[in-house]
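The values are calculated or read from the model by the stated rules, or taken from the named source; none is laboratory data. On a predicted model such as this, the values are computed, not experimentally measured, just so you know. Glycine gets a Cβ as well: all are built from the backbone with ideal geometry, and neighbour counts include every protein chain shown.
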Protein chains: 2
Amino acid sequence: MAHDEALVARVLGEAREAVRGELERLFAERRRTGYGPLYDVLADYPFREGKGLRPAICFAACRGVGGTTAQALRTATALELFHNAFLTHDDVEDVSEFRRGGATLFQEHGVPAAINAGDATNVLALGMLLDNVASLGVRKALLLLREVERMARESVEGQAMELAWIRREVFDLTDDDYVRMAYKKTCWYTVIAPLRLGVICGAPPGPDAPLDDELLSLLELGHFAGIAFQICDDLLNLEGDPALYGKEQGGDLWEGKRTVMLVHFVRTAPDADRTRALDLLRTPRPLKRADEVRWLRERMIEHGSLAYGRGVAEAFYARALAVDRALGPPFVENDDRRFLREMLRYVIDRIK
Amino acid sequence: MAHDEALVARVLGEAREAVRGELERLFAERRRTGYGPLYDVLADYPFREGKGLRPAICFAACRGVGGTTAQALRTATALELFHNAFLTHDDVEDVSEFRRGGATLFQEHGVPAAINAGDATNVLALGMLLDNVASLGVRKALLLLREVERMARESVEGQAMELAWIRREVFDLTDDDYVRMAYKKTCWYTVIAPLRLGVICGAPPGPDAPLDDELLSLLELGHFAGIAFQICDDLLNLEGDPALYGKEQGGDLWEGKRTVMLVHFVRTAPDADRTRALDLLRTPRPLKRADEVRWLRERMIEHGSLAYGRGVAEAFYARALAVDRALGPPFVENDDRRFLREMLRYVIDRIK
């Protein structure tokens, strides 16, 4: 089943454009009133073309419950900024070399400037959320801040789980271990928070709209969709066209990143293959041999680990779709509501 | 002129104790409901004995305008957490080895875990500030968040200025250059924000108390006091007893940190000394020779650079005192108000 490519492309494109305009306004103001060179560094990642998935989900959720693009503009922009702050630090932590088709920020500006740039990007995002007070009122502004605090907390906890695996060289993981980590690290800030923030922005005002049930359904939907997204993102890293994808092919293997595919291989491959793979995975990146990385990638394909990962992703997609079908009011059936459903398939089908 | 040591020690001690209790409650809750190992790492710096200067200023400012300790408890704790987050990242950025009498966090747990721990500490602080809604109401809670956003923005801009000097090997700096940087990097989160946050917490509620004039005076007071504090902190690094001070003696020279004393020496020392000093300062830390670092420290003392720095600090102290004397309502004359004045002298006199 293919997704509605035109609809998905349109909503993603409009979201990118809206956020880009808001970011240009913000950076121009900060350059004028603050220490300019800092904001030159900060502006790097946000203006490299990303998918804009998070802002698009936020806008669509807002309009899907009857809100306007303007109501979600600052929040969607803040989400994009938090995402960029997270990537900036994540790239230092994982010693990643490529991001959105270019060198990572720390490779261009050094580790100290990159850590500080990530911190500064978080501050910009917080400022954006505080600006919501004027347009959305204090109640919604505070609800949104609470939601973002939860999102950030889940992300750092997920990150801590993954970093502990790396530091202690843990590779014997089950799918459940992986899902617990990715729920925190990926699902919250990629799908759950964008959905919930959008609904808070767009919902009718007043204390008679507590939204608790809807927000709980969106947590479930975002959980399932987020896992499907992350597995497919990791599959792209293994099989994608680097020119489209913007990262090096097999970069995750160089980094030893735990993915559903890799932990499947370690769990189920013949002993000799597992031993050879673990030797490679425990070798520090600069000492890894390219032919060994190629061997691992090919063996994972032959062994069926990539097919296995795709199957797990499809199962999570099906669960997400079931939750999506049960969503009722305050959602109305419009293009934005349809985008949220099509987006579930898009994250499975996408090639970049 | 000596400060009232008993009063300062009492207010600092009570502040440390109050914040420690709140932190213990917070960490116990997060360990129970979140990913425990992350919070074990996070709890490291906050439970090493610091001065507790920032929370003490915040509590004193709150009670100095008629508020209670309880009104400022979450905000003072959040300040301590933001401070710890900043130190955690700052130590990675400066490759510092010692902090509060122990190894720095990144040396114990690695750079990735340290970056993530700093991020997570910021999230905890944000959560604390959001908890203010229940006790202080939405208006004050949002004012406090705005203030913290400004504080964090100034800090990352100051940090960016300093990092640019390091990366571009800039040493020809005036005192004004230094003061502009330290105003952002140090004054805001060490004195200005603690004062202003405390006053917001403690001030009478209601829209009839806009506080704008008072907050402006506190910005001036905190600016002058913060510069005096930072210069004396840097003097302690050069002359302090490492056993009391908790950092290595001359560690700033190993790191090439720009201080009023160092930039004075570079600006005014005879050519041969300046050349030798710049050679040393441009040498990466692991390649620096201990005898050369000792030489520089001794030449700075002989040349009068430390005495010069102390003079600049005294001048800023005098300016802070003049602003302090002009402060009127909503401040009342009580022990907390007296602490804020004594604290100005304390930061000059302290030996650890």
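Odds and ends about this structure:
- For the residues B:GLY118, B:GLY66, the requirement of being of a type outside the set (Ser, Thr, Tyr) and in a loop (DSSP other than H, G, I, E, B) singles out B:GLY66.
- Residue within the range B:10-29 that is out of contact with any Phe, Trp or Tyr (no Cβ under 9 Å at 6 or more places or on another chain) and within 22 Å of B:PRO330 (Cβ to Cβ) present: no
- Condition broken by B:LYS51, with the remaining ones in (1) at the interface with chain A (Cβ under 9 Å from one of its Cβ atoms); (2) within 20 Å of B:GLY198 (Cβ to Cβ) satisfied: (1)
Quick grid of which residues meet (1) of a type outside the set (Lys, Arg); (2) at pLDDT below 95; (3) within 17 Å of B:LEU344 (Cβ to Cβ):
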residue: B:THR174; (1), (2), (3): yes, no, no
residue: B:TYR183; (1), (2), (3): yes, no, yes
residue: B:LEU197; (1), (2), (3): yes, no, no
residue: B:PRO210; (1), (2), (3): yes, yes, no
residue: B:GLU214; (1), (2), (3): yes, yes, no
residue: B:LEU236; (1), (2), (3): yes, yes, yes
residue: B:LEU244; (1), (2), (3): yes, yes, no
residue: B:LYS247; (1), (2), (3): no, yes, no
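- Flag if A:VAL111 is closer than 24 Å to A:ALA203 by Cβ, modelled with pLDDT under 95 and within 8 Å of chain B (Cβ to nearest Cβ): no
- Which numbered condition B:ALA160 misses (of (1) touching a Pro at 6+ places or on another chain (Cβ under 7 Å); (2) surrounded by fewer than 24 Cβ atoms within 10 Å (Cβ to Cβ)): (2)
- Taking the range B:166-190 as the range and being more than 11 Å from chain A (Cβ to nearest Cβ) and assigned to a helix (DSSP H, G or I) as the test, the residues that pass are B:ASP175, B:ASP176, B:ASP177, B:TYR178, B:VAL179, B:ALA182, B:TYR183, B:THR186, B:CYS187, B:TRP188, B:TYR189, B:THR190.
- Residue within the range B:309-329 that is touching a residue at least 60 places away in the same chain (Cβ under 8 Å), surrounded by 16 or more Cβ atoms within 10 Å (Cβ to Cβ), within 27 Å of B:THR68 (Cα to Cα) and of a type in the set (Phe, Trp, Tyr) present: no
- Candidate set: the range A:135-153, residues that are more than 19 Å from the chain's Cα centre (by Cα) and small (Gly, Ala, Ser); chosen: the one nearest to the other protein chains (Cβ to nearest Cβ): A:ALA141
- Residue within the range B:264-271 that is under 24 Å from the mean Cα position of the chain (by Cα) and either under 15 Å from B:ARG297 (Cα atoms) or at pLDDT 95 or above (or both) present: yes
- Matching entry among A:ARG31, A:ARG74 (being within 22 Å of A:GLU147 (Cα to Cα) and within 14 Å of chain B (Cβ to nearest Cβ)): A:ARG74
- Candidates B:ASN116, B:ASN122, B:ASN132, filtered to the one that is within 21 Å of A:ASP131 (Cα to Cα), at the interface with another protein chain (Cβ under 8 Å from one of its Cβ atoms) and buried (at least 21 other Cβ atoms within 10 Å of the Cβ): B:ASN122
- The range A:191-212 - residue that is in a helix (DSSP H, G or I) and closer than 16 Å to A:VAL332 by Cα and, of those, farthest from the chain's Cα centre (by Cα): A:GLY202
- A:ASP90 being in contact (Cβ under 8 Å) with a residue 12 or more places away in the chain, in a helix (DSSP H, G or I) and not small (Gly, Ala, Ser): yes
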